[in-house]
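The values are calculated or read from the model by the stated rules, or taken from the named source; none is laboratory data. Treat the numbers as computed from the prediction; the structure is a model and nothing was measured. Cβ placement follows ideal geometry from the backbone for every residue including glycine, while neighbour counts extend to all protein chains displayed.
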Amino acid sequence: MKHLKIAKGFGIAAALLTLAAPAFAADTLETLREQGFARIGIANEPPYTAVKPDGTVSGAAPDVARAVMKKLGVNDVVASISEYGAMIPGLQARRFDAVTAGLFMKPERCKAVAYSEPILCDAESFALKKGNPLKLTSYEDIAKNPNAKIGAPGGGTEEKLALQAGVPRDRVIVVPDPQSGMKMLQDGRIDVYSLPVLSIHDLVGKANDPNIEVVAPVKGAPVYCDGAAFRKQDTALRDAFDKVLAEMKASGEFAKIIEPYGFSAEAAKQTSREKLCAASN
């Protein structure tokens, strides 16, 4: 499995990208081909993305992005880590050429970016203390319990679901990264940590803590799919990405990339960007 390197010397690269802005507006794909790489915004949330101590990046989302881009004539992908809440602003500010990080499609996001067709699908889950002492199986359960605190990624879907369910802002604790969320749960600073099912299972498995258990899926929470996110003006690049992605889904290459990470290729094939962007949740 090929790995990516996190971007270094970002200031110089950003300056060069700014100088190239007119060309990007004219033909982003051709510009990416000429420079030989595309910048992707990612998180550090296995199995969507994973950053190793030596700086290499793997995960289902970067692997799909690299395979598609290579077929489009863009030979490499350079990854930069970002919090979810900063991904779309970073994309719009041209710090990335695409975001491939488990950024689930939501109507408000679909208005801000040009998504590809679905790539990775998942549901929501809770990590909490063994025995689930507060009996938390939904975001509404957390809202109803005045003593329950939830940890969630800042700007992510889980934070929004908690707030929409009525959890007060002071009981929704922004967590900078998965490892910090697990530590906060173990230390009793939060009562539940919420992430997608695959991410929680990976995190809990690595923690190997018998005092932590998982509730999945969260009752009442919708199933989500992500897609590669592009700037609104880069629909030609998105369309080219979609064409290759469809070919990979049909050939079975797509399944070979994502299924070793635990994702379902069929789930991504059975829905569409149109359906997900029109969803009420």
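One table, with the values for the structure above:
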{"read-out": "Test for LYS106: is it surrounded by fewer than 19 Cβ atoms within 10 Å (Cβ to Cβ), among the basic types (Lys, Arg), more than 18 Å from MET69 (Cβ to Cβ) and modelled with pLDDT of 95 or more", "value": "no"}
{"read-out": "Failed condition for THR157, given (1) in contact with a strand residue (DSSP E or B) (Cβ under 6 Å, 6 or more places away or on another chain); (2) of a type outside the set (D, E, K, R); (3) without any contact (Cβ under 8 Å) to a residue 60 or more places away in the chain", "value": "(3)"}
{"read-out": "Criterion violated by LYS206 - all others in (1) under 30 Å from LYS71 (Cα atoms); (2) at pLDDT below 95 satisfied", "value": "(1)"}
{"read-out": "Failed item, numbered, when ILE119 is tested on (1) at pLDDT below 95; (2) buried (at least 24 other Cβ atoms within 10 Å of the Cβ)", "value": "(1)"}
{"read-out": "Residue count, segment 85-125 (criterion: of a type outside the set (Phe, Trp, Tyr) and outside any loop (DSSP other than H, G, I, E, B))", "value": "21"}
{"read-out": "In segment 244-254, the residues that are of a type in the set (A, V, I, L, M, F, W, C) and over 17 Å from THR49 (Cα atoms)", "value": "VAL244, LEU245, ALA246, MET248, ALA250"}
